[in-house]
């Protein structure tokens, strides 16, 4: 295999970035709240204070989400002993490309001004672009160490495209609620990555087994990723929730759910080892499962103890996933999942979809109030006659759409990535930064010493 | 000693998490600003904009505090060469448990709806729960490396309980102001931890002396903790201050105070060494003392230069604490204080209480304005006749309450923790992650090499 | 050379901190929004909601900028194998001093209450102080590893002074717009540092060549700095932009520009190596160039694709700067630039000034609206007749002022720093923490082993 990417990588980066510039030139403009005509908009709409600009409602949440995407996902994947440059660097690269493409794709489907044909963007679009890219970064976790940056860029191009269509079907056509993206982001991204990993299965991956593990320092670095994801997950689930009580409630629910996940993750991790020692892999990942599983229902009236129950169960299931399901998937289904995204994203994402469907189906005016029910589920206009139980059914349908896009899309994209032109590493060079990064000789010698 | 915690740890985690679910089910509901009935509340209270929802006043501060609790405290304690997993991992565990128990305890004392008997929670409760847990994490610093995670959970259970009672007495019964918790959080947490450490004194701790120090990388990791604590301390001290000028002023004061601490810490650290070299322990800890010492007075009109003076003095005292007081406490009082919490929290917390008492006693209408004085000290209702000098007296009383709860509570809890059932490490295994964590063999060999 | 700083460093720290306390006592007071008289101010100005307090508009941005200054700049410079303590510790020291001096200097020039002669401070002053210090931290990057902390404090004292004058001339006298500081911060700070480095040129610096490079872990630490700078740069460029659409637009533009920089940086980095491997130095630095280059124009109507074009070009230029210009500067002009601030700050800062001048000159009522044009460029009062093209001319003049202050100021300060009294390291001890920090013997042995 030829891992020389000196032509491929620059060509892809330049081509795509130039394409972005052209497409943004043709399509993308500021929306009314970020355009300099905003003072006129204020007068037209009787807005008396700049605080009503959506920027002030959403910017703090946006920044938290932004940290999750670049530091959270990036550092979570630094746990491998010799793949930290690639983890944080490729994460940086594909997220930077993905957010641009996402603004376009999501814009065409969701923010197109019908009169001018332009995509009008504001802070909510930036949050949604970050969300969209999260799906691709989840998929990255499954193939971490086994693909080239060029493959990752291709995977992101198609991933964002699929995401935008899937999201449009689920959120717009089916009018499913999924503010934190259990289905749209996590289930889709998880199964997209797992399917690609299946297609790219390497029977001789054990040849780089000596690099497939952590060292002490890399595990501490990964905890930076874990904690920033964990701390800011309330912002993730509330970032695009309804102004006021919706955002407020989504934060409370996610905060509680995640706290419960930590305790049950620790419990199962300790139980799983002979002398009760804890496993860093579980602590780094399964503690986050509660956030994923409350992605859909965070803004609903699940009640505080409901959030705790979801976190309780997901901590258990996710940790058991690392202990039992991941080895099973690798051995029996030939799905090798470097970061265990099945346990952190795919499975909790499905649970999240189910929790959302049940909670929506049982919503009622007593719990929400008349206006609260309308605001929370957006049941206005031609949807005003949709009942909560019908909404629950649509929510369930959303799960299927996310799954289908993930698996079918992953199979097709996996096929494309098998073409022998992308510069992917040989089996004995997987999980090694040296293939794609300048690493000093003393570092390499030192690594060989400690191994 | 048997450090096998395979049964103990899971049993405690599961029992407590299930108890939390049941108690939350019985007691905890959303408050009016996070409940879906908020649109009705808006109409009833003539609120015209969602921006008036407390969420938008407090959420950015909450997230900063959240980062301090999980990344700040967690990483600050990673400085030991072989205890980073435990530092960041146990910090994560006990904070996640503690915030749940704190919502209940603080709720019973402070947010109980009298008509329904329910605790109604919103973003301010989340901040207060984080604050409460901070007290226990401070105490963790004194015993770092010498206790088991089960002991830490027990310490947190009692710590949160004591905190809630102490806080109720100080803030509600005595109506003392302590927005940044100099007394309530830092003095209490500091003396609670120091007393426990005294009770658990190990005469043969020197047997693990080879692990009681830092290595180069662990010191850099610890600086992540230091900096996130330092940068976000203005949010800590302002998070629950009065809307508007109160929050604004608390930020300015804390910002200035911390900046002055850095310069005097560097000065004393340099003076203390033969050739003027700086000591990382001082830089990691004493630079933060100013934030602690302004916890009470941050929202008062201490004036900018007043804040600088507090920071100036605390940087000096805290650094000298590391040089002179910590060795004295260990040798003469048998108080071993792994992180030096006496110098960073206990002593500056007392200073903060005193600064607060003096500033309150000298408050007047000229400096504050009539309404400003009422808002800042909350002197409404039956307190409207309380004079500033009386308030100063109550503030001083608050210091005594915090101290008493810390010392008496610590003595009792320390006694409980001495029971030989908690799986604590042997003297020769202190400060070693290998007791409670899976660590790879190559890592262990490498550590032995570099020692 | 005598690197004993046991007297010098404490004397400087104490003297300056005491001076700060006195000057703050004489000059600095709370402004109307942070003073306890705010309730009266609200009544006088018919302000009905606390949300109108500038604190709520600016505090989230301030905290992001604060993280950039202390974690961003600090960790970005930890890339050297044996200089991480100094990078993050000296950054902490000089920023903490600098922000105090900046509040005074900027206050005298910009926030002086004419009736009382007092400087009135609020959250915007804190942001501006952080901005001012950024200029000095940029300059620190050029001399990293080659100067003593005493020299750094001197450099910061003069740097802040020069900055405040330069800023006053550019922003107030010339009424140039530069919200994100392309000229005022980056071009000034860059040329200030480069000129100082030229004056302090060490012909025998190669004697410590073995320490002038990174190791694996230090490169990962540096990525923490890179990412926090990159993620929060939208806050940097929008922090003091006009409320409402101005802040909103500055965020969108910076977000896009930075994303484009990442792709072209990766492309050029890969092209520059034989087998297309990526260089960590480029990824750590050049990915940020877009943020610098949009500092002036971020709040203007550059349009989304315009922002992408700026990022596209700056990623290329900055990376090529590392490959071609830095070696040239060192060899031919004797300018040794440890962090490559020429490529990350100085050059992109100039580009940013030019982009701003062109964008301002071509502004028109069609794009901005009548009120939008006035708000964005602040063309009120006696400036109301200034045309956009005139404004463009003034913007261009601003670039020259920044350059002149950087170069002339740097030459003078460099001369002062050459005095043989500051305790700077010998040529063979550059880039070594052991000169100024207590480092354990095992660490030193370990370093020698891996080298």
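No lab work stands behind these numbers, since they all come straight from the coordinates. This one's a predicted model, so the numbers in the text were calculated from it and none came from an experiment. Here Cβ is always computed from backbone atoms with ideal geometry, including for glycine, and neighbour counts include all displayed protein chains.
For n ≥ 4 DSSP H runs only, could you compute -39500 (n - 2.57) per run for chain A, divide by its residues and tell me the 222 nm figure to the nearest 500? Write out the running numbers ahead of the final one.
Numbers: 19 runs with 277 residues, N = 451.
My calculation for chain A gives -20000 deg cm²/dmol from helical runs alone.
Just the ratio, please: alpha-carbon radius of gyration of the range A:65-104 over 2.2 N^0.38 Å, N its number of residues.
Numbers: Rg = 10.7 Å, N = 40, 2.2 N^0.38 = 8.9 Å.
My calculation over the Cα atoms of the range A:65-104 gives 1.20.
If I take all pairs of Cα atoms in the range A:169-309, what percentage of them are more than 21 Å from each other?
Numbers: 5396 of 9870 pairs.
Value for the range A:169-309 (Cα pairs over 21 Å): 55 percent.
Nearest 5 is fine: what % of DSSP beta bridges in the protein assembly as shown come out antiparallel, could you say?
Working: 6 of 18 bridges.
Just about 35 percent of them are antiparallel.
Using only the Cα atoms of the range B:319-373, what semi-axes does the equivalent ellipsoid have when each is the square root of 5 times a gyration tensor eigenvalue? Give whole Å, largest first.
Values: eigenvalues 276, 15, 13 Å².
Over the Cα atoms of the range B:319-373, the semi-axes work out to 37, 9, 8 Å.
Using Cβ counts within 10 Å as a stand-in for footprinting exposure, how do C:201, C:83 rank, fewest first? Mind dumping the intermediate values first?
On the way: C:201 15, C:83 26.
Least to most surrounded, the residues fall as C:201, C:83.
Using just the alpha carbons, could you tell me how many Å³ per residue the convex hull of chain C encloses? Could you put the intermediate results ahead of the total?
Numbers: hull volume 65.5 nm³, N = 451.
Convex hull of Cα atoms, per residue: 145 Å³.
With a 10 Å Cβ neighbour count serving as the proxy for reagent exposure, in which order, fewest first, do A:58, C:29 appear? Could you put the intermediate results ahead of the total?
Numbers: A:58 23, C:29 18.
Ordered by Cβ neighbours within 10 Å, fewest first: C:29, A:58.
For helix B:54-67, what angle does its Cα long axis make with the longest principal axis of chain B, in degrees from 0 to 90 and rounded to 10?
10
Between residue B:173 and residue A:210, what is the spin-label point distance in nm, taking each point 7 Å from the Cα along the Cα→C-beta axis?
The two pseudo-label positions are separated by 6.7 nm.
Once the Cα atoms of helix C:304-320 and of chain C are each reduced to a long axis, what angle between those two axes, in degrees from 0 to 90 to the nearest 10, is obtained?
Roughly 20 degrees, rounded to the nearest 10.
How far is residue C:365 from the same spot in each other copy, in nm, shortest first, if each label point sits 7 Å from Cα toward Cβ?
5.3, 5.3
Sort the range B:1-103 into rounded, prolate or oblate with this rule: let a ≥ b ≥ c be the square roots of the eigenvalues of the Cα gyration tensor; rounded if a/c is under 1.5, and if a/c is not under 1.5, prolate when a/b is larger than b/c, oblate otherwise. List each step's numbers first, then the result.
Details: a/c = 6.50, a/b = 1.78, b/c = 3.66.
Taking the square roots of the gyration eigenvalues as a ≥ b ≥ c, the range B:1-103 is oblate.
To the nearest Å, what is the center-to-center distance of the range B:1-55 and the range C:174-240, using C-alpha atoms only?
Computed from Cα coordinates, the inter-centre distance equals 44 Å.
Under 10 °C and 1.306 mPa s, how fast does the range B:131-215 diffuse according to Stokes-Einstein, given a Kirkwood radius computed over C-alpha pairs? Answer in µm²/s, whole number. All intermediate terms of the calculation are to be shown ahead of the outcome.
Numbers: Rh = 13.9 Å.
D, rounded to a whole number, is 114 µm²/s.
Which value in Å does the Kirkwood hydrodynamic radius of the range A:301-445 take, with 1/r averaged over all unlike C-alpha pairs and then inverted?
It works out to 19.3 Å.
Using Cβ counts within 10 Å as a stand-in for footprinting exposure, how do A:362, A:41 rank, fewest first? Can you show the working numbers first?
On the way: A:362 13, A:41 18.
So the ranking, lowest neighbour count to highest, is A:362, A:41.
So what's the range C:60-174 giving for Rg/Rh, alpha carbon basis, Kirkwood Rh from the mean inverse pair distance?
Numbers: Rg = 14.8 Å, Rh = 14.6 Å.
Rounded to two decimals, Rg/Rh equals 1.01.
For the range C:357-441, place one equal point scatterer on every Cα, skip the solvent, and apply the Debye formula. What is log10 of I(q)/I(0) at q = 0.13, 0.16, 0.18, 0.24 Å⁻¹?
-0.64, -0.74, -0.85, -1.11
Measure nothing but the geometry: give the 0 to 90° angle between the long axis through the Cα atoms of C:123-143 and the longest principal axis through the Cα atoms of chain C, rounded to 10°.
30
Give the separation of the Cα centroids, the range C:302-369 to the range C:92-153, in Å.
Distance between centres, Cα-based: 25 Å.
Calculate the spin-label point distance for residue B:383 paired with residue C:367, positioning each point 7 Å from the Cα along the beta-carbon direction, and give it in nanometres.
Reported label-point gap for residue C:367 and residue B:383 is 5.5 nm.
Extent of the range A:397-451 along each principal axis, from alpha carbon coordinates, in Å, largest to smallest?
54, 26, 17
Percent relative contact order of the range C:7-151, based on C-alpha pairs within less than 8 angstrom and at least six residues apart?
Working: 125 pairs, mean separation 47.2, N = 145.
After rounding, I find 33 percent.
As a test of understanding, state the convex hull volume per residue of the range B:283-367 from its alpha carbons, in Å³.
Details: hull volume 7.0 nm³, N = 85.
With only Cα atoms used, the range B:283-367 gives 82 Å³ per residue.
Mind running the shape call on the range C:198-265? Use the C-alpha gyration tensor, a ≥ b ≥ c as the square roots of the eigenvalues: rounded below 1.5 for a/c, prolate if a/b tops b/c, oblate otherwise.
Working: a/c = 3.27, a/b = 2.19, b/c = 1.50.
Cα axes put the range C:198-265 in the prolate bin.
Computed FRET efficiency, Cβ-Cβ of residue A:324 and residue A:411, R0 30 Å: what is it to the nearest 0.05? Don't jump to the answer; show the numbers that get you there.
Numbers: r = 25 Å, r/R0 = 0.84.
With R0 = 30 Å, the Cβ-Cβ based efficiency is 0.75.
Relative contact order of chain C, please, whole-number percent, based on alpha carbon pairs below 8 angstrom and at least 6 residues apart. Before the final figure, lay out each step's value.
Numbers: 796 pairs, mean separation 103.6, N = 451.
So the answer I get is 23 percent.
Between residue A:426 and the same site in the other copies, what are the distances in nm, shortest first, taking label points 7 Å from Cα along the C-beta direction?
Shortest to longest, the spacings are 4.8, 4.8 nm.
Inter-copy label distances at residue A:40, 7 Å along the Cα→beta-carbon direction, one decimal in nm, shortest first?
Nearest first, the other copies' label points are 4.3, 4.3 nm away.
Could you give the semi-axes, largest first, of the ellipsoid that matches the range A:227-274, computed as the square roots of 5 times the alpha carbon gyration tensor eigenvalues and rounded to whole Å?
Values: eigenvalues 169, 19, 6 Å².
Whole-Å semi-axes of the equivalent ellipsoid: 29, 10, 6.
Taking every eigenvalue of the Cα gyration tensor of the protein assembly as shown, multiplying by 5 and rooting it, what semi-axes result, largest first, whole Å? Display every interim value, and only then the final one.
Working: eigenvalues 289, 288, 257 Å².
After scaling each eigenvalue by five and taking roots: 38, 38, 36 Å.
Using a cut-off of under 17 Å, list every residue of the range A:376-393 whose amide N is near the label point 7 Å from the Cα of residue B:40 along the Cα-to-beta-carbon line.
Flagged as within label range: A:376-377.
How compact is the range B:104-164 by the rule of thumb for globular proteins, expressed as Cα Rg over 2.2 N^0.38 Å?
For the range B:104-164, the normalised Cα radius of gyration comes out at 1.32.
Just need the relative contact order of the range A:95-150 here, percent rounded to a whole number, with Cα pairs under 8 Å and 6+ apart.
On the way: 38 pairs, mean separation 22.5, N = 56.
The normalised contact order for the range A:95-150 reaches 40 percent.
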